[in-house]
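Accompanying notes for the structure given below.
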Amino acid sequence: MKKGKKERKEMGEKTAKEKAAKGCRIMQPLLSLQQTRRILTYGGYFEAFMDTLTLEQQQKIKYGLLLLKTQNRIPAKFVKHIENGIYELRTEYEGNIFRTFFIFDKDNLVILFNGFKKKTQKTPKEEIEKAKQIKKAYYEKTCK
């Protein structure tokens with residue numbers, strides 16, 4: 001049951017206003033499920049990539065997508081800018097590292113491109129080149 005202000009006072013609990021007056025910060029929920037972005041795929045590359053993964057690996061990537069969809073600020077642990085407006089969604093599961101390339105198109109639209117299982121320290125140049133080609137094709141098709 002919710003306690004009234006008087007009951008909280010008697011138990012020594014402080015109200016939010018009292019905490020704020022003393023310089024305490026009220027923490028906002030870490031994961032707001034309010035949608036801030038739409039996520040779309042282009043060219044079938046992302047779906048083909050997901051088909052190669054186990055259900056558990058897919059769920060882990062979907063968690064990263066949920067963050068991308070609902071959070072304004074995403075830690076670098078999950079998202080990294082690669083180059084020319086191309087970003088990678090970073091996912092790790094049971095020692096395997098997965099990357100999914102994407103772009104932001106307009107304000108609240110995310111377009112997913114290709115994904116891959118990372119086997120080396122650096123992101124392979126051929127995967128970046130593939131993402132650049134997909135991006136170019138996307139803009140050529142959508143800007144006509």
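Determine how large the accessible area of Tyr45 is when every protein chain is in place; take a 1.4 Å probe and give Å² rounded to the nearest 10.
About 90 Å², rounded to the nearest 10.
Which sequence of Val79, Val110 reflects their accessible areas, 1.4 Å probe, from the largest down?
Val79, Val110
With a 1.4 Å probe and every protein chain left in place, work out the accessible area per residue of segment 31-122 in Å², rounded to a whole number. Please report the intermediate quantities before stating the final value.
On the way: 5500 Å² over 92 residues.
Accessible area per residue: 60 Å².
Segment 31-137: which trypsin sites (Lys or Arg not before Pro) are DSSP loop and have at most 11 other beta-carbon atoms within 10 angstrom?
Here the trypsin sites (Lys or Arg not before Pro) that fit, given the DSSP loop and packing criteria, are Arg73, Lys77, Lys106, Lys119, Lys122.
Determine the order of Thr41, Thr52, Thr120, Thr70 by accessible area, beginning with the largest, at a probe radius of 1.4 Å.
Details: Thr41 60, Thr52 105, Thr120 85, Thr70 10 Å².
My answer, sorted largest first, is Thr52, Thr120, Thr41, Thr70.
Rounded to two decimals, what ratio of Rg to Rh does segment 64-127 give with C-alpha atoms and a Kirkwood Rh?
Working: Rg = 11.7 Å, Rh = 12.3 Å.
Result: Rg/Rh = 0.95.
The values are calculated or read from the model by the stated rules, or taken from the named source; none is laboratory data. Keep in mind the model is a prediction, meaning the values are calculated, not measured. FYI the Cβ positions are ideal-geometry reconstructions off the backbone, even for glycines, and counts take in every protein chain you see. Quick note on the areas: whole protein, heavy atoms, side chains included, nothing else; ligands and nucleic acids left out. Shrake-Rupley method; radii C 1.70, N 1.55, O 1.52, S 1.80 Å.
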